[in-house]
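Some notes on the structure that comes next.
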Amino acid sequence: LSSSLKIKYSITKNIAFNEVQEIKSKSQIIKNDISVSTGTALKGLFNFGSAIELSHSVNKTIGVSNSFTYTNLRQKVIYRKNKFKSNLTSNIFNFSANNSGFSKPTIIVDIDFNYKLKSGRVVLGLVFNNILNKVNLDINSIDAVAFSNFSYGIIPRYLMLTASIRL
């Protein structure tokens, strides 16, 4: 039996200068990422792993009451046994803007299965994306002078067969 645990944290800060119709502005993006992953193997019979990642970004225009916040929580579970491998991934996205904008959290769930044939050179797979069939991501924003509503299309649910050959 062997196990592992990894914890990773990073922070990035970017400042960008913009000019629109002779109006200069400066925006600042601060991104915090943290991930925790663990894995277990039992004498080569099977491997099991999981990971949780949290990403939080704030984009603020300095000097203007305008900000945009994006949060993504991603969970992943991996199972391997001999020549079989499966991944289950879910993402929870949440957006907010101007401290009074909002979006309903959007959950995207994907799963894939892979099987390596005896030769080891051919891998057959099945990918099932957007299992919950979310079709759009809506973001609403309210500030002192305007109300905004954005809707982004998401690729609908699909099933895909895959094959890869290592030469």
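Values in this text are rule-based calculations from the coordinates and carry no lab data. These numbers were taken from a predicted model, which means no experiment stands behind them. Ideal geometry is used to build each Cβ from the backbone, glycine not excepted, and the neighbour counts take in all protein chains shown.
What the table shows:
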quantity: Residue order, fewest to most surrounding Cβ atoms within 10 angstrom, among Tyr115, Tyr158; calculated: Tyr158, Tyr115
quantity: Residue order, fewest to most beta carbons within 10 Å, for Phe17, Phe84; calculated: Phe17, Phe84
